[in-house]
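Structure first, commentary second.
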Amino acid sequence: MTDKTPAILVLADGRTFRGYGFGATGTTLGEAVFTTAMTGYQETMTDPSYHRQIVVSAAPHIGNTGWNDEDNESHGNNIWVAGLVIRDLSRRVSSWRAERSLSEEMQAQGVIGIRGIDTRTLVRHLRNYGSISAGLFSGEAATRPVEELLEEVKSQSSMEGADLAAEVSTDKPYVVEAQGEKKHTIVAFDMGVKSATPRYLSQRGIETIVVPSTTTFAEVQSYNPDGVFVSNGPGDPATADDTVATIKKVLAADIPFFGICFGNQLLGRALGLDTYKMKFGHRGINVPVRNLLTGKIDITSQNHGFALQAPDNYDLANEDAEFASDFGPAHITHICLNDDTVEGVALRNGMAFSVQYHPESAAGPHDANPLFDQFLELMANHTPNK
(Lines give C-alpha, C1' and ligand atoms only; values in the text may rest on other atoms or scores of the structure.)
Protein backbone atom coordinates (compact mmCIF):
# COMPACT_ATOMS: atom_id res chain seq x y z
CA MET A 1 0.00 0.00 0.00
CA THR A 2 1.29 3.46 -0.83
CA ASP A 3 -0.41 5.22 2.10
CA LYS A 4 1.90 5.04 5.12
CA THR A 5 -0.08 7.20 7.56
CA PRO A 6 1.28 6.30 11.03
CA ALA A 7 -1.19 4.79 13.49
CA ILE A 8 -1.05 3.19 16.92
CA LEU A 9 -3.45 1.12 19.01
CA VAL A 10 -3.00 1.70 22.75
CA LEU A 11 -4.54 -0.67 25.32
CA ALA A 12 -5.29 0.48 28.86
CA ASP A 13 -2.85 -2.11 30.26
CA GLY A 14 0.01 -0.36 28.43
CA ARG A 15 0.32 -2.72 25.46
CA THR A 16 0.76 -0.90 22.14
CA PHE A 17 0.60 -1.93 18.49
CA ARG A 18 1.94 0.28 15.71
CA GLY A 19 0.78 0.12 12.11
CA TYR A 20 -0.66 2.26 9.34
CA GLY A 21 -3.93 4.16 9.32
CA PHE A 22 -6.74 3.82 6.81
CA GLY A 23 -10.19 5.33 6.58
CA ALA A 24 -10.46 8.54 8.59
CA THR A 25 -7.57 10.12 10.49
CA GLY A 26 -7.61 11.19 14.13
CA THR A 27 -8.48 9.67 17.50
CA THR A 28 -11.12 7.22 18.67
CA LEU A 29 -11.71 5.54 22.02
CA GLY A 30 -13.61 2.39 22.91
CA GLU A 31 -13.40 -1.14 24.21
CA ALA A 32 -11.07 -3.42 22.24
CA VAL A 33 -12.83 -6.68 21.33
CA PHE A 34 -12.19 -9.37 18.72
CA THR A 35 -14.45 -11.18 16.29
CA THR A 36 -13.70 -14.62 14.86
CA ALA A 37 -15.98 -14.10 11.84
CA MET A 38 -14.28 -14.88 8.54
CA THR A 39 -16.76 -12.84 6.51
CA GLY A 40 -19.38 -10.11 6.90
CA TYR A 41 -17.24 -7.15 7.99
CA GLN A 42 -19.82 -4.68 6.61
CA GLU A 43 -22.64 -6.26 8.61
CA THR A 44 -20.41 -6.27 11.70
CA MET A 45 -19.42 -2.63 11.36
CA THR A 46 -23.02 -1.44 10.89
CA ASP A 47 -24.40 -3.57 13.75
CA PRO A 48 -25.45 -1.09 16.49
CA SER A 49 -24.44 -3.66 19.13
CA TYR A 50 -20.82 -2.75 18.35
CA HIS A 51 -21.30 0.86 19.45
CA ARG A 52 -18.23 2.13 21.38
CA GLN A 53 -16.18 -0.94 20.49
CA ILE A 54 -12.89 -1.07 18.60
CA VAL A 55 -13.22 -4.31 16.66
CA VAL A 56 -10.22 -6.52 15.95
CA SER A 57 -10.69 -8.95 13.08
CA ALA A 58 -9.19 -12.41 13.58
CA ALA A 59 -9.53 -12.94 9.82
CA PRO A 60 -6.27 -11.67 8.26
CA HIS A 61 -7.52 -10.22 4.96
CA ILE A 62 -10.25 -7.54 5.04
CA GLY A 63 -11.77 -5.29 2.38
CA ASN A 64 -11.79 -7.53 -0.68
CA THR A 65 -15.59 -7.29 -1.14
CA GLY A 66 -15.60 -3.51 -0.70
CA TRP A 67 -18.76 -1.77 0.45
CA ASN A 68 -22.31 -1.72 -0.95
CA ASP A 69 -25.59 -0.04 0.01
CA GLU A 70 -27.54 -3.28 0.49
CA ASP A 71 -25.80 -5.08 3.37
CA ASN A 72 -25.91 -2.37 6.05
CA GLU A 73 -27.51 -3.56 9.29
CA SER A 74 -28.33 -0.18 10.87
CA HIS A 75 -31.55 1.69 10.14
CA GLY A 76 -29.65 4.84 9.16
CA ASN A 77 -26.83 2.98 7.35
CA ASN A 78 -24.39 4.18 10.01
CA ILE A 79 -21.13 2.49 10.90
CA TRP A 80 -21.33 1.92 14.65
CA VAL A 81 -17.92 0.46 15.50
CA ALA A 82 -15.60 2.94 17.16
CA GLY A 83 -12.67 1.71 15.08
CA LEU A 84 -11.38 -1.24 13.05
CA VAL A 85 -8.15 -3.17 13.57
CA ILE A 86 -6.91 -5.54 10.83
CA ARG A 87 -3.78 -7.19 9.56
CA ASP A 88 -4.06 -6.77 5.77
CA LEU A 89 -6.24 -4.35 3.80
CA SER A 90 -7.17 -5.57 0.33
CA ARG A 91 -5.33 -3.72 -2.43
CA ARG A 92 -8.36 -3.85 -4.71
CA VAL A 93 -12.10 -4.48 -4.53
CA SER A 94 -13.16 -7.60 -6.42
CA SER A 95 -16.91 -8.00 -5.73
CA TRP A 96 -19.38 -7.10 -8.48
CA ARG A 97 -21.74 -5.80 -5.76
CA ALA A 98 -19.22 -3.27 -4.40
CA GLU A 99 -19.98 0.41 -4.91
CA ARG A 100 -16.84 1.73 -3.23
CA SER A 101 -14.01 0.49 -1.04
CA LEU A 102 -14.08 -0.16 2.69
CA SER A 103 -11.54 2.60 3.28
CA GLU A 104 -13.60 5.11 1.27
CA GLU A 105 -16.74 4.38 3.32
CA MET A 106 -14.84 4.62 6.60
CA GLN A 107 -13.37 7.95 5.54
CA ALA A 108 -16.81 9.25 4.55
CA GLN A 109 -18.26 8.30 7.94
CA GLY A 110 -15.26 9.42 9.99
CA VAL A 111 -14.28 5.93 11.19
CA ILE A 112 -10.62 5.26 11.97
CA GLY A 113 -8.80 2.04 11.10
CA ILE A 114 -5.34 0.58 11.60
CA ARG A 115 -3.71 -2.07 9.41
CA GLY A 116 -0.43 -3.91 9.30
CA ILE A 117 -0.30 -5.14 12.89
CA ASP A 118 0.04 -8.71 14.18
CA THR A 119 -3.63 -9.39 14.92
CA ARG A 120 -2.81 -12.95 16.04
CA THR A 121 -0.83 -11.57 18.97
CA LEU A 122 -3.50 -8.98 19.72
CA VAL A 123 -6.37 -11.48 19.66
CA ARG A 124 -4.44 -13.83 21.94
CA HIS A 125 -3.76 -10.93 24.32
CA LEU A 126 -7.48 -10.06 24.49
CA ARG A 127 -8.40 -13.72 24.91
CA ASN A 128 -5.93 -14.18 27.76
CA TYR A 129 -6.51 -10.90 29.58
CA GLY A 130 -10.01 -9.91 28.44
CA SER A 131 -11.61 -7.08 26.51
CA ILE A 132 -10.13 -3.77 27.58
CA SER A 133 -10.40 -0.02 27.12
CA ALA A 134 -8.34 1.15 24.16
CA GLY A 135 -7.58 4.06 21.88
CA LEU A 136 -6.80 4.21 18.19
CA PHE A 137 -4.68 7.15 17.04
CA SER A 138 -3.67 7.91 13.45
CA GLY A 139 -1.93 10.70 11.61
CA GLU A 140 -0.59 13.50 13.79
CA ALA A 141 -2.30 12.00 16.86
CA ALA A 142 -0.07 8.92 16.54
CA THR A 143 3.07 11.04 17.00
CA ARG A 144 2.15 12.12 20.53
CA PRO A 145 4.02 10.52 23.46
CA VAL A 146 2.62 7.11 24.32
CA GLU A 147 2.30 8.16 27.96
CA GLU A 148 -0.17 10.89 26.95
CA LEU A 149 -2.14 8.50 24.78
CA LEU A 150 -2.31 5.94 27.59
CA GLU A 151 -3.70 8.51 30.02
CA GLU A 152 -6.38 9.44 27.48
CA VAL A 153 -7.30 5.77 27.06
CA LYS A 154 -7.54 5.21 30.80
CA SER A 155 -9.74 8.29 31.28
CA GLN A 156 -12.69 6.89 29.30
CA SER A 157 -15.64 5.29 31.03
CA SER A 158 -15.92 1.51 31.26
CA MET A 159 -18.32 -0.58 29.22
CA GLU A 160 -19.49 -2.03 32.52
CA GLY A 161 -22.27 0.26 33.70
CA ALA A 162 -22.67 1.89 30.27
CA ASP A 163 -26.26 2.67 29.22
CA LEU A 164 -25.95 2.79 25.44
CA ALA A 165 -29.24 1.54 23.99
CA ALA A 166 -30.79 5.00 23.84
CA GLU A 167 -27.78 6.23 21.83
CA VAL A 168 -28.39 3.76 18.99
CA SER A 169 -32.19 3.42 19.16
CA THR A 170 -34.61 5.07 16.73
CA ASP A 171 -35.86 8.52 17.73
CA LYS A 172 -39.43 7.81 16.66
CA PRO A 173 -41.51 4.73 15.76
CA TYR A 174 -41.53 3.40 12.21
CA VAL A 175 -43.35 0.50 10.58
CA VAL A 176 -42.00 -2.39 8.51
CA GLU A 177 -45.00 -3.71 6.61
CA ALA A 178 -45.84 -7.40 6.34
CA GLN A 179 -45.23 -9.06 2.99
CA GLY A 180 -48.37 -10.61 1.53
CA GLU A 181 -51.24 -11.27 3.92
CA LYS A 182 -50.74 -9.65 7.32
CA LYS A 183 -51.01 -12.28 10.05
CA HIS A 184 -49.89 -10.39 13.13
CA THR A 185 -48.71 -7.01 14.40
CA ILE A 186 -45.87 -6.77 16.89
CA VAL A 187 -44.08 -4.02 18.78
CA ALA A 188 -40.29 -4.32 18.48
CA PHE A 189 -38.11 -2.46 20.99
CA ASP A 190 -35.12 -1.04 19.14
CA MET A 191 -32.26 -1.51 21.57
CA GLY A 192 -29.94 -1.57 18.53
CA VAL A 193 -31.95 -3.71 16.12
CA LYS A 194 -30.34 -4.98 12.92
CA SER A 195 -32.16 -4.35 9.63
CA ALA A 196 -32.42 -8.06 8.83
CA THR A 197 -34.64 -8.76 11.85
CA PRO A 198 -37.83 -6.90 10.81
CA ARG A 199 -37.18 -8.11 7.27
CA TYR A 200 -37.39 -11.76 8.36
CA LEU A 201 -40.50 -10.98 10.39
CA SER A 202 -42.04 -9.24 7.39
CA GLN A 203 -41.47 -12.30 5.22
CA ARG A 204 -43.63 -14.25 7.67
CA GLY A 205 -46.56 -11.87 7.40
CA ILE A 206 -45.71 -9.93 10.55
CA GLU A 207 -46.12 -6.16 10.61
CA THR A 208 -43.40 -4.75 12.85
CA ILE A 209 -43.78 -1.43 14.67
CA VAL A 210 -40.23 -0.53 15.67
CA VAL A 211 -40.24 1.73 18.72
CA PRO A 212 -37.60 3.61 20.76
CA SER A 213 -35.91 1.85 23.65
CA THR A 214 -37.66 4.20 26.10
CA THR A 215 -41.19 3.21 25.02
CA THR A 216 -43.57 2.68 27.96
CA PHE A 217 -46.02 -0.17 28.46
CA ALA A 218 -48.92 2.23 27.96
CA GLU A 219 -47.51 3.12 24.56
CA VAL A 220 -47.09 -0.58 23.76
CA GLN A 221 -50.75 -1.18 24.65
CA SER A 222 -51.84 1.64 22.34
CA TYR A 223 -50.69 -0.44 19.36
CA ASN A 224 -52.74 -3.45 20.53
CA PRO A 225 -49.95 -5.84 19.49
CA ASP A 226 -50.14 -9.61 19.10
CA GLY A 227 -46.58 -9.88 20.42
CA VAL A 228 -43.61 -7.94 21.76
CA PHE A 229 -40.02 -8.30 20.59
CA VAL A 230 -36.85 -6.90 22.21
CA SER A 231 -33.78 -6.67 20.00
CA ASN A 232 -30.04 -6.88 20.36
CA GLY A 233 -28.13 -3.82 21.50
CA PRO A 234 -24.98 -2.43 23.15
CA GLY A 235 -24.08 -1.67 26.73
CA ASP A 236 -24.64 -3.16 30.15
CA PRO A 237 -28.04 -4.86 30.64
CA ALA A 238 -27.84 -4.01 34.35
CA THR A 239 -28.58 -0.37 33.43
CA ALA A 240 -31.86 -1.09 31.58
CA ASP A 241 -34.17 -1.02 34.61
CA ASP A 242 -36.99 0.84 32.82
CA THR A 243 -37.12 -1.63 29.93
CA VAL A 244 -37.02 -4.57 32.35
CA ALA A 245 -39.99 -3.04 34.20
CA THR A 246 -41.86 -2.75 30.89
CA ILE A 247 -41.08 -6.37 30.02
CA LYS A 248 -42.51 -7.44 33.36
CA LYS A 249 -45.76 -5.67 32.49
CA VAL A 250 -45.79 -7.39 29.09
CA LEU A 251 -45.40 -10.79 30.78
CA ALA A 252 -48.09 -9.98 33.35
CA ALA A 253 -50.45 -9.02 30.51
CA ASP A 254 -49.91 -12.44 28.91
CA ILE A 255 -48.59 -10.99 25.65
CA PRO A 256 -46.31 -13.33 23.64
CA PHE A 257 -42.68 -12.25 24.01
CA PHE A 258 -39.50 -12.94 22.04
CA GLY A 259 -36.06 -11.47 22.71
CA ILE A 260 -32.60 -11.84 21.22
CA CYS A 261 -29.14 -10.97 22.55
CA PHE A 262 -29.71 -7.86 24.74
CA GLY A 263 -33.38 -8.87 24.78
CA ASN A 264 -32.37 -12.25 26.21
CA GLN A 265 -30.51 -10.57 29.04
CA LEU A 266 -33.47 -8.30 29.78
CA LEU A 267 -35.98 -11.17 29.80
CA GLY A 268 -33.64 -13.01 32.15
CA ARG A 269 -33.56 -10.00 34.45
CA ALA A 270 -37.37 -9.80 34.33
CA LEU A 271 -37.45 -13.44 35.41
CA GLY A 272 -35.14 -12.73 38.34
CA LEU A 273 -31.69 -13.63 36.97
CA ASP A 274 -28.54 -11.54 37.28
CA THR A 275 -26.15 -10.49 34.52
CA TYR A 276 -22.37 -10.19 34.47
CA LYS A 277 -19.61 -8.90 32.18
CA MET A 278 -17.79 -11.68 30.39
CA LYS A 279 -14.01 -11.84 30.11
CA PHE A 280 -13.92 -11.38 26.33
CA GLY A 281 -17.45 -12.23 25.21
CA HIS A 282 -18.72 -14.07 22.14
CA ARG A 283 -18.24 -12.34 18.79
CA GLY A 284 -18.32 -14.34 15.60
CA ILE A 285 -20.52 -16.39 13.31
CA ASN A 286 -19.43 -19.89 14.31
CA VAL A 287 -20.49 -20.25 17.95
CA PRO A 288 -22.02 -23.67 18.82
CA VAL A 289 -25.17 -23.62 20.97
CA ARG A 290 -27.04 -26.63 22.33
CA ASN A 291 -30.81 -26.67 22.76
CA LEU A 292 -31.26 -28.35 26.15
CA LEU A 293 -34.83 -29.38 25.30
CA THR A 294 -34.15 -31.11 21.97
CA GLY A 295 -30.42 -31.80 22.06
CA LYS A 296 -30.05 -30.04 18.69
CA ILE A 297 -26.89 -28.01 18.12
CA ASP A 298 -26.96 -24.79 16.10
CA ILE A 299 -23.96 -22.87 14.79
CA THR A 300 -24.84 -19.27 15.57
CA SER A 301 -23.94 -15.65 14.97
CA GLN A 302 -23.16 -13.79 18.21
CA ASN A 303 -22.02 -10.44 19.52
CA HIS A 304 -22.23 -9.91 23.27
CA GLY A 305 -19.93 -9.02 26.15
CA PHE A 306 -22.49 -9.61 28.93
CA ALA A 307 -24.41 -12.75 29.83
CA LEU A 308 -27.04 -14.18 32.16
CA GLN A 309 -25.97 -15.83 35.39
CA ALA A 310 -27.59 -19.23 35.99
CA PRO A 311 -29.39 -19.52 39.36
CA ASP A 312 -27.43 -21.07 42.21
CA ASN A 313 -27.52 -24.88 42.15
CA TYR A 314 -29.26 -24.92 38.75
CA ASP A 315 -28.51 -28.24 37.01
CA LEU A 316 -27.82 -27.55 33.34
CA ALA A 317 -27.57 -31.30 32.72
CA ASN A 318 -31.20 -31.81 33.81
CA GLU A 319 -33.66 -30.88 31.05
CA ASP A 320 -36.46 -30.74 33.64
CA ALA A 321 -34.61 -28.21 35.82
CA GLU A 322 -36.43 -24.94 36.39
CA PHE A 323 -36.36 -21.84 38.56
CA ALA A 324 -39.13 -19.75 40.05
CA SER A 325 -40.12 -16.36 38.63
CA ASP A 326 -42.89 -13.85 39.30
CA PHE A 327 -44.64 -15.18 36.20
CA GLY A 328 -44.47 -18.90 36.90
CA PRO A 329 -41.80 -21.58 36.44
CA ALA A 330 -38.97 -20.71 34.04
CA HIS A 331 -36.03 -22.63 32.69
CA ILE A 332 -32.75 -22.31 30.82
CA THR A 333 -33.24 -23.56 27.27
CA HIS A 334 -29.84 -23.13 25.57
CA ILE A 335 -26.15 -23.15 26.52
CA CYS A 336 -22.95 -22.37 24.64
CA LEU A 337 -20.88 -25.51 24.08
CA ASN A 338 -17.63 -23.54 24.33
CA ASP A 339 -18.07 -22.39 27.93
CA ASP A 340 -21.57 -23.33 29.21
CA THR A 341 -22.73 -19.70 29.04
CA VAL A 342 -26.52 -19.35 29.35
CA GLU A 343 -27.78 -18.81 25.78
CA GLY A 344 -31.56 -18.94 26.22
CA VAL A 345 -34.36 -18.71 28.80
CA ALA A 346 -38.11 -19.17 28.66
CA LEU A 347 -41.26 -19.43 30.73
CA ARG A 348 -42.46 -23.01 31.10
CA ASN A 349 -45.86 -22.01 29.71
CA GLY A 350 -44.16 -20.94 26.47
CA MET A 351 -45.47 -17.37 26.50
CA ALA A 352 -41.98 -15.83 26.61
CA PHE A 353 -38.66 -17.03 25.26
CA SER A 354 -35.32 -15.55 24.24
CA VAL A 355 -31.88 -16.47 22.96
CA GLN A 356 -28.48 -14.88 23.33
CA TYR A 357 -27.58 -15.20 19.66
CA HIS A 358 -28.81 -13.76 16.33
CA PRO A 359 -31.39 -15.81 14.40
CA GLU A 360 -31.34 -13.18 11.65
CA SER A 361 -27.61 -13.89 11.12
CA ALA A 362 -26.44 -11.14 8.71
CA ALA A 363 -23.77 -12.32 8.47
CA GLY A 364 -23.67 -15.94 9.52
CA PRO A 365 -25.38 -19.34 9.31
CA HIS A 366 -29.17 -19.68 9.24
CA ASP A 367 -29.43 -22.56 11.73
CA ALA A 368 -31.42 -20.44 14.20
CA ASN A 369 -33.75 -18.81 11.66
CA PRO A 370 -36.70 -21.09 12.66
CA LEU A 371 -36.95 -19.16 15.94
CA PHE A 372 -38.94 -16.55 14.00
CA ASP A 373 -41.38 -19.34 13.09
CA GLN A 374 -41.59 -20.30 16.77
CA PHE A 375 -42.61 -16.73 17.59
CA LEU A 376 -45.17 -16.79 14.77
CA GLU A 377 -46.64 -20.03 16.09
CA LEU A 378 -46.75 -18.66 19.62
CA MET A 379 -48.77 -15.65 18.49
CA ALA A 380 -51.07 -17.80 16.36
CA ASN A 381 -51.93 -20.00 19.34
CA HIS A 382 -51.98 -17.36 22.08
CA THR A 383 -53.06 -14.07 20.49
CA PRO A 384 -54.33 -11.98 23.42
CA ASN A 385 -57.02 -10.35 21.29
CA LYS A 386 -58.82 -13.65 20.66
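Things worth noting here:
- Chain lengthening between residue 70 and residue 214 when straightened (0.36 nm per residue, less Cα-Cα): 49.0 nm
- Our note on the geometry: Cα centres of segment 51-98 and segment 135-188, 16 Å apart.
- MRE, 222 nm, helices only [DSSP H, n ≥ 4, -39500 (n - 2.57), over the chain, to nearest 500]: -6000 deg cm²/dmol
- Residue list for segment 72-98, given a label point 7 angstrom along the Cα-to-Cβ vector of residue 108 and an amide N cut-off under 17 Å: 72-81, 93-98
- Relative packing of 260-272, 344-356, 133-145, which averages over residues the other C-beta atoms within 10 Å, highest first: 260-272, 344-356, 133-145
- Rounded to the nearest 0.05, the FRET efficiency derived from the C-beta distance between residue 147 and residue 279 at R0 = 30 Å is 0.65.
- Once the C-beta distance of residue 320 and residue 121 is scaled by a Förster radius of 30 Å, the resulting FRET efficiency is 0.05 to the nearest 0.05.
- Residues in segment 33-69 reached by a label modelled at residue 338 [backbone nitrogen below 15 Å; 7 Å Cα→Cβ]: 33-39, 56-59
- Rounded FRET efficiency, nearest 0.05, which uses the C-beta distance separating residue 224 from residue 163 and R0 of 22 Å: 0.15
- Remark: accessible surface ordering of 20, 129 (largest first) is 129, 20, probe radius 1.4 Å.
- Beta bridges from DSSP with both residues in the chain: antiparallel share about 60 percent, rounded to the nearest 5.
- Taking a ≥ b ≥ c as the square roots of the eigenvalues of the alpha-carbon gyration tensor, segment 272-356 is classed prolate because a/c is 1.5 or more and a/b outweighs b/c.
- Global geometry of segment 335-386, whether rounded, prolate or oblate, following the gyration tensor of its Cα atoms and the 1.5 cut on a/c: oblate
- Label selected from (1) 61, 53, 36; (2) 66, 48, 36; (3) 59, 51, 45, the criterion being Cα extents along the principal axes in Å as computed here: (2)
- Accessible surface of segment 121-176 [probe 1.4 Å, protein heavy atoms]: carbon and sulfur percent: 45 percent
The values are calculated or read from the model by the stated rules, or taken from the named source; none is laboratory data. Here the structure is a predicted model, which is why all the values come from computation and not from measurement. Here the Cβ is made from the backbone with ideal geometry for all residues, glycine too, and neighbour counts use every protein chain on show. Just so you know, the surface numbers come from the protein's heavy atoms only, side chains and all, with ligands and any DNA or RNA stripped out. Shrake-Rupley method; radii C 1.70, N 1.55, O 1.52, S 1.80 Å.
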